[in-house]
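Asks: Got a structure for you, questions after.
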Amino acid sequence: MSEKKVLLISQVFYPDEVAVANLFTNLCSFLVKSGLEIEVWSAQPFYTCTQPQPRNRIYEGVRIHYLHSTQFPKDNLAGRIINYFTFAISVIFKLLFTNDKTQVISHTTPPFLAIPIALLCSLKRRRFLYVMMDVFPDGLIRLKKVSSNNVFIRIWSSLHLVALKRCSEIIVIGRDMKDWLNKFYPDGGGKIQYIPLWQDPGLIKPGDFASNPMTTKYKLQNHFVVQYSGNMGLWNEMETIGRVVNKKPDNVKFVFIGGGMRKKDLIGSLREPPVTNLLFLPFQTNYDFSDSVSACHAALVSLREGLEGIAVPSKIIGIMAAGIPVIALAPANSEIAYIVNEEQCGYVIDPSDDDGLLQAIEELKTGDYLRKTMGQNGRNAFLKKYTTQIIAEKYKLLLNN
């Protein structure tokens, strides 16, 4: 096994521009520059890009191999599940019939893929590093989407534990996630490492709100803008935000960028007729992302009650990179809350606290110095702890261990 060669298995990768694809495309680019040889097995893009890619290509020194899988639209839940399974089948067969001993790294997209990868790598004596981005099926159980007594869920949970035992190393992106894992897998010990999320400092930089192209384009100049940007997914609290939008705080404009399965819950929480103090925009390309994330005075991050240890919304790192104050609707013992409190870069509010969210908005609206201080605190913390280069060094040390 070459210490200089790594195989990443990730269903989403370049040219898709969803959060996970961006994260690992950016990370791999830095690892290649540091001297590692990176090969990626990915599915054909089907999120933000639908243009078929050649079977093999090289992007910024990273060799990408696109495996066969279906490409149903992401908004089709049944189609997404089929996409998961067809990609997993391609991965399983390719791993099964290769004798390569290159170390493997993968994560939780698709949610169950680490199970067959861990078992096959153990069988073939390949080192496997598992990055836990989300926790399944425990998160579904906490949301009461499934029962812990369901036979399928019990089998999934048992196989997940078996897979964790077969991993060489387990990387978690939150300290709350590490606490959960220590309870679920008490014998994990030294295999479990905390490495936080990251963002490319070249992609996001602080900008002037008044001269921002999006400020001008959408006539936001005379408003205090509160933004939610990114996925409105299973883990995110959206209804509390909707209820505060209904209160119509004076001169506040709410901008929602992106979408996801919980966007309908947000819309459903809005009064009829639709309130006028909001703006919905689609997901932005990487080219426009720097402008979009800084086209606000405060930015929202949300995690539903009871989901500490289950997920860490990556959007918080981009907000900090942009020097924007964070308003986190999150449990107090979540990684999101830990970051905001430690860095003094915003507010942490109970996910169901409408009044607390409204108060935070009002304090930031009237407190220019407070807003600038929190934004600068976040930016400083980002440069010290969360840039791609800093995190890539941590992964490089781990991969070369």
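Values in this text are rule-based calculations from the coordinates and carry no lab data. These figures come from a predicted structure and were not determined experimentally. Cβ sites come from the backbone with ideal geometry, for glycine too, and all protein chains shown count toward neighbours.
Asks: Given axes a ≥ b ≥ c from the Cα gyration tensor, I'd like to know whether the stretch 223-265 is rounded (a/c under 1.5), prolate (a/b larger than b/c) or oblate.
Replies: oblate
Asks: Going by how many other beta carbons lie within 10 Å of each one, how would you line up Glu60, Glu237, fewest first?
Replies: The order, fewest Cβ neighbours first, is Glu60, Glu237.
Asks: Normalised by the number of residues in the stretch 16-129, what is the relative contact order in percent for Cα pairs under 8 Å and 6+ residues apart?
Replies: Once normalised by length, the contact order is 18 percent.
Asks: Hey, can you grab everything whose amide H is under 5 Å from the amide H of Phe128? Only 5+ residues off in sequence or another chain; H modelled, so Pro and N-termini drop out.
Replies: HN-HN under 5 Å from Phe128: Val104, Ser168, Glu169.
Asks: When a/c reaches 1.5 or more, the comparison of a/b and b/c decides; with that in mind, is the stretch 30-106 rounded, prolate or oblate per its Cα gyration tensor?
Replies: oblate
Asks: With θ set to phi - 60° and the Karplus curve 6.51 cos²θ - 1.76 cosθ + 1.60, what are the ³J(HN,Hα) couplings of the stretch 125-141 in order, to the nearest whole Hz, using x for Gly and Pro?
Replies: Taking θ as phi minus 60°, the curve returns 6, 9, 5, 10, 10, 10, 9, 8, 8, 9, 10, 10, x, 4, x, 5, 5 Hz for the stretch 125-141.
Asks: Mind pulling the angle between the C-alpha long axis of helix 114-123 and the longest principal axis of the chain? Nearest 10 degrees, somewhere in 0 to 90.
Replies: 20 degrees
Asks: Using only Cα atoms and rounding to the nearest 10 degrees, what angle (0 to 90) does helix 175-184 make with the longest principal axis of the chain?
Replies: Value to nearest ten degrees: 50.
Asks: Rounded, prolate or oblate: which one fits the stretch 213-386, using the alpha carbon gyration tensor with axes a ≥ b ≥ c (rounded when a/c is under 1.5, else prolate when a/b beats b/c, else oblate)?
Replies: rounded
Asks: So, one more: Hey, what does the equivalent ellipsoid look like for the stretch 5-195, semi-axes from the Cα gyration tensor as sqrt of 5 times each eigenvalue, largest first, whole Å?
Replies: The three semi-axes for the stretch 5-195 are 26, 21, 16 Å.
Asks: Could you tell me the relative contact order of the stretch 213-386? Use alpha-carbon pairs under 8 Å, at least six residues apart, and round to a whole percent.
Replies: With pairs under 8 Å counted, the relative contact order is 22 percent.
Asks: Calculate how many DSSP beta bridges within the chain are antiparallel, expressed in % of all such bridges and rounded to the nearest 5.
Replies: Here the share of antiparallel DSSP bridges comes out near 10 percent.
Asks: Can you compute the helix-only [θ] at 222 nm over the chain? Use -39500 (n - 2.57) per DSSP H run of at least 4 residues, normalise by all residues, nearest 500 deg cm²/dmol.
Replies: The per-residue figure over the chain is -12000 deg cm²/dmol.
Asks: Please compare each pair in Lys247/Lys315; Lys315/Lys365; Lys94/Lys144 to a cut-off of 30 Å on the Cα-Cα distance and tell me which ones are over it.
Replies: Among Lys247/Lys315; Lys315/Lys365; Lys94/Lys144, the Cα-Cα distance tops 30 Å for Lys94/Lys144.
Asks: So, one more: May I ask which of Lys124/Lys394; Lys74/Lys178; Lys101/Lys394; Lys33/Lys394 have a Cα-Cα span longer than 19 Å here?
Replies: Check vs 19 Å cut-off fails for Lys124/Lys394; Lys74/Lys178; Lys101/Lys394.
Asks: Given the options Gln51, Gln284, Gln193, state which has the largest fluctuation in a GNM of the chain using a 10 Å cut-off (strictly under) for Cα springs.
Replies: In this elastic network of the chain, the residue with the biggest mean-square fluctuation among Gln51, Gln284, Gln193 is Gln51.
Asks: Continuing with the same structure: If you wrap the chain's Cα atoms in a convex hull and average its projection over all directions, what's the area in nm²?
Replies: 18.9 nm²
Asks: Using a cut-off of 12 Å between beta-carbons, work out the net charge of the residues near Gly189 (Lys and Arg +1, Asp and Glu -1, Gly189 not included).
Replies: So the surrounding residues net to +1.
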